[in-house]
Amino acid sequence: MLCVAVAPGVGAAADAPAGLPTVVVVTTGGTIAEKTDPTTGGAVPAVSGADLLAAVPGLAAVAKIEVVTYSNIDSSQMSPERWAGLSRAVGQALARPEVAGVVVTHGTDTMAEGSYFLDLTLPGDKPVVFTGAMNDASSPFPDGPGNLFNAVTQVCAPQAKNWGVTVTLNGYVNAARTVRKTQTTNVQTFESGEEGYLGYITGGKVTRFNDADNRKSLPLPETLPKVAFVSTFAGDDGSLVRHAVDDGATGLVVEGVGAGNVNEAVYGAITYALSKGVVTVISTRVPNGAVEPIYGDAGGGLTLQNHGCILAGDLDGQKARLLLMLGIGKFGPDAAKLKTLF
Ligand code: ASP
């Protein structure tokens, strides 16, 4: 169940000296708010937002903190609809003139997508920092408190302006557009590949490496259109793409191989999608590089583009799906206009 509960002046804020910036921490759940149940051995939601903040030594000297509880769920349960509600809740906090920026605590599994959804939909330039933890609050090595400290530090730092929404864990600052989770259990999991980190935080100091490029801004539609995502593979018979079309998708992202290629059977299925007016975007499963119109055989990237597919460039498939959803929300299924977004 999602709710928005505001607790001003809790945790670290209780003893904050006057004159410090106000930072709102919006909590959504994930490992950072979990503890391992000694009976079952499974990590389960256990820690409130106020308790999370109270576990961070020194935070009260950095900012005046307010906690907003949005949800307490594992991020595998997140969805574009839930991120739309989160975007509204964060937007409300940012609209308050005294708020310097917002920290969002979120499970790491879908953080790369959630942060990008908010990057696309939040107005203004105030900092928004997603953070979380790989080790839960009962672990001998909890990384949540340090990550929270760094996230709040980043919101308050003059070196960290105009980065949009970032994913900041283990000291590294990643742009929402480029970040990927790359390791299932290690604290050094979020990386930005060949695009590089935006910055690094240590000892309460932010070092800036890069600016965030290629940011887009789109309105939140009343309802989000149905956009399917299909990852293709050697020997794919195209049935998943055909199913997505028959299931009523308005848009479709096909994650191809290499520089954005599919086999002949999938090409046939994509031709079917296009004939039904389904806007089709081609991304790649390769983590670095971009989709390029190189190959002219049945299913090659050049052929797909000539046939009316949009190439996703270096945007990964899951994020291309979110951009396509919001783009269709703004332009409708107009491939020519949607192409300008990618
Ligand atoms: N299962 C967790 C989640 O994504 C993993 C984490 O938070 O690190 O909610």
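The values are calculated or read from the model by the stated rules, or taken from the named source; none is laboratory data. These figures come from a predicted structure and were not determined experimentally. These area figures cover heavy atoms from the full protein model, side chains too; ligands, DNA and RNA do not enter into them. Shrake-Rupley method; radii C 1.70, N 1.55, O 1.52, S 1.80 Å.
Which residue, GLY19, GLY146, GLY248, has the most motion in a Gaussian network model of the chain that connects Cα atoms within less than 10 Å?
Maximum among the listed residues: GLY19.
By how many degrees, 0 to 90 and rounded to 10, does the Cα axis of helix 111-121 deviate from the longest principal axis of the chain?
80 degrees
Distances longer than 26 Å among the Cα atoms of the chain: what percent of all pairs is that?
Across the chain, Cα pairs with separations above 26 Å total 49 percent.
Quick check for you: with a 1.4 Å probe and neighbouring chains kept, what is the accessible area per residue of segment 227-339, in Å²?
39 Å²
Write down the percent of antiparallel bridges among all DSSP beta bridges whose residues are both part of the chain, to the nearest 5.
35 percent
Given a 1.4 Å probe, how much area per residue of segment 5-208 is accessible, in Å²?
Normalised by residue count, the accessible surface of segment 5-208 is 38 Å².
Largest first, what is the accessible-area ranking of PHE229, PHE130, PHE141 with a 1.4 Å probe?
PHE141, PHE229, PHE130
With the chain treated as a Gaussian network of Cα nodes joined by springs under 10 Å, which of THR27, THR121, THR189 yields the largest mean-square fluctuation?
THR189
May I ask which of LYS161/LYS337; LYS64/LYS126; LYS64/LYS161; LYS126/LYS319; LYS35/LYS226; LYS226/LYS337 have a Cα-Cα span longer than 28 Å here?
LYS161/LYS337; LYS35/LYS226
Taking amide H positions as placed 1.01 Å from N in the peptide plane, with prolines and chain starts having none, which residues 5 or more places from ASP109, or on another chain, fall under 5 Å of its amide H?
Amide H neighbours of ASP109: SER75.
Give the relative contact order (percent, whole number) for the chain; include only Cα pairs under 8 Å separated by 6+ residues.
13 percent
Note down the relative contact order for segment 227-339 as a percent, whole number, built from C-alpha pairs under 8 angstrom at least six residues apart.
Rounded, it is 27 percent for segment 227-339.
Which residue fluctuates the most in the chain, going by a Gaussian network model with Cα springs under 10 Å, if the choices are ILE65, ILE310, ILE294?
Greatest mean-square fluctuation among the candidates belongs to ILE294.
Given 0.36 nm per residue, what is the gain on full extension from TYR272 to ALA336 after removing their alpha carbon distance, in nm?
Result for the pair: 21.2 nm of gain on full extension.
Per residue, what volume in Å³ does the convex hull of the Cα atoms of segment 5-208 enclose?
With only Cα atoms used, segment 5-208 gives 110 Å³ per residue.
What percent does the relative contact order of segment 161-320 come to when contacts are Cα pairs within less than 8 Å and at least six residues apart?
16 percent
Extension gain HIS243-SER217, at 0.36 nm per residue separation less the Cα-Cα distance, in nm?
6.2 nm
So for segment 244-316, considering every pair of alpha-carbon atoms, how many percent are separated by more than 16 Å?
That tail contains 39 percent of the Cα-Cα pairs.
Quantify, in whole percent, the carbon and sulfur part of the accessible surface of the chain (1.4 Å probe; protein heavy atoms only).
With neighbouring chains kept in place, the figure for the chain is 53 percent.
When the chain is fully extended, how far beyond the present Cα-Cα distance does GLU81 get from GLN188, taking 0.36 nm per residue of separation?
My answer for the length gained is 35.6 nm.
Please list, ordered by chain and number, the residues whose modelled amide H lies under 5 Å from the amide H of VAL25; skip anything fewer than 5 residues away on the same chain.
GLU66, VAL67, VAL68, VAL103
With θ set to phi - 60° and the Karplus curve 6.51 cos²θ - 1.76 cosθ + 1.60, what are the ³J(HN,Hα) couplings of segment 73-78 in order, to the nearest whole Hz, using x for Gly and Pro?
Karplus values, whole Hz, x for Gly and Pro: 10, 5, 6, 5, 8, 6.
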